[in-house]
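Okay, structure first, notes after.
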Amino acid sequence: MKISPKVREFLCLTAHPQGCRKNVENQITYVKNHVSGKNRPKKVLVIGSSTGYGLASRITAAFGCGADTLGVMFERPAAGKRTATAGWYNTAAFEQAAAKEGLYAKTVNGDAFSREVKDQVIELIKKDFGKVDAVIYSLAAPRRTAEDGTVYQSVLKTTGDDFTNKNLNLKDNTISEKTIEAATKEEVEATVKVMGGEDWKAWIQALTDADAIEQDAVTFAYSYIGPELTYPIYFEGTIGAAKKHLHKTAVEINEEFSKEGIKAYISVNKGLVTQASSAIPIVPLYMAVLYRVMKEKGLHEGCIEQIVRLFQEKDVFGQAQTDKQGLIRLDDWELRPEVQEEVERRWEKVNTENVQEYSDIEGYWEDFYQMFGFDMDGVDYEEDLDPSVDIPSISGAE
């Protein structure tokens, strides 16, 4: 069948297998051209490995460092005329590319929050790796079922007072004001349960208890702080509460696993179009304006460029470059004063009539569609395709 994008609000309900493959191949090529041999992990677990920063991390570890990788994802295969999710196609392309270069690549598809998946991953590590020397936590989930059966649902709200600001309507690219409601105490707590650091630490505890993680292993998780413009909805909102908990968890891991020599970091990354960020009110317009400014200044990066800089310039597996709070700042280019001053100037002026002039709305949508394998150069979107694609390690093929 011919596969076309079907977009509903901030989600694309279809994905293109060849487009996703091309996207993965492009990232692999970038990594091979930009990663040199220093401080390389060898056995890497990536929790949340199928899209965005997690996928970029797995690609950089494998094709930049020659590492064997084990991924954890929660993706859906194709069924009849319904395509698989982009993460499924990405992972199939990644595993096939890794196999060609003799790199170990297996993936567990299931709920990373669950004890069952943790046990399954640990069993694979013990059987195939012995131990891992790096754990990358890049989970983005809307809900979490705890081991006692309680379901926690995250919300995208402010804390304190309601907040009103400009917002990009993704249905028609118009700009209007949007008011974000303040969350209840229970909603804040639930968001922290889903997006905070509790599960990250649970993974490190489970791996340590099973003797499946090396002495002096490195683990890190991804975060975002952003500029003051987005503080009410992000850093001071429910997501920010979860991210602050994540930051606190890094400190706890360093303290509680100091005997094992495990080093935990938070990498604070740049604002990018991801499946998670597209859902946050007000943020997509900020991203579109930011893209325009950073591209004009020659500072724009996507996921893969960010992660290569994390591995290389920030030396996360060696003498990690951190700020006074111990955070690795990959958002350093985004938060340069000259960048944010220009973003703020444009933010004041941008409206429906001049959105093309003051923002990179086309770049925003290009990144959005490319997340799902569309708008990729060199892909024939008129081709009839079978949407069913096997992931070697999940289908049982070797």
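The values are calculated or read from the model by the stated rules, or taken from the named source; none is laboratory data. These numbers come from a predicted model, not from an experiment. Note: ideal-geometry Cβ built from the backbone for every residue, glycine included; neighbour counts use all protein chains shown. Accessible surface areas use protein heavy atoms only, side chains included; no ligands, DNA or RNA. Shrake-Rupley method; radii C 1.70, N 1.55, O 1.52, S 1.80 Å.
Before moving on, here are some points about what is shown:
- Listed conditions (1) at pLDDT below 95; (2) out of contact with any Phe, Trp or Tyr (no Cβ under 8 Å at 6 or more places or on another chain) are all met by E255, apart from (1).
- Comparison of V379, V339, V308, V343 shows that the only residue that is of a type in the set (A, V, I, L, M, F, W, C), in a loop (DSSP other than H, G, I, E, B) and either in contact with a Lys or Arg (Cβ under 7 Å, 6 or more places away or on another chain) or open to solvent by less than 40 Å² (accessible area, probe 1.4 Å) (or both) is V379.
- Here K22, K38, K100, K106 are screened, and the one residue that is open to solvent by 30 Å² or more (accessible area, probe 1.4 Å), at pLDDT below 95 and more than 17 Å from the chain's Cα centre (by Cα) is K38.
- Here segment 382-398 is the region considered, the condition is being open to solvent by 60 Å² or more (accessible area, probe 1.4 Å) and among the polar types (S, T, N, Q), and the residue that is modelled with the highest pLDDT is S388.
- Strands (runs of 3 or more DSSP E) within segment 140-192 that include 2 or more residues in contact (Cβ under 8 Å) with a residue 40 or more places away in the chain and open to solvent by less than 70 Å² (accessible area, probe 1.4 Å): 163-169, 174-180
- Pairs, first open to solvent by 10 Å² or more (accessible area, probe 1.4 Å) in segment 205-227, second in a strand (DSSP E or B) and among the acidic types (D, E), C-beta under 6 Å, six or more apart: E214/D133
- Counted residues, segment 346-376 - those being touching a helix residue (DSSP H, G or I) at 6+ places or on another chain (Cβ under 7 Å), open to solvent by 30 Å² or more (accessible area, probe 1.4 Å) and not aliphatic (A, V, I, L, M): 4
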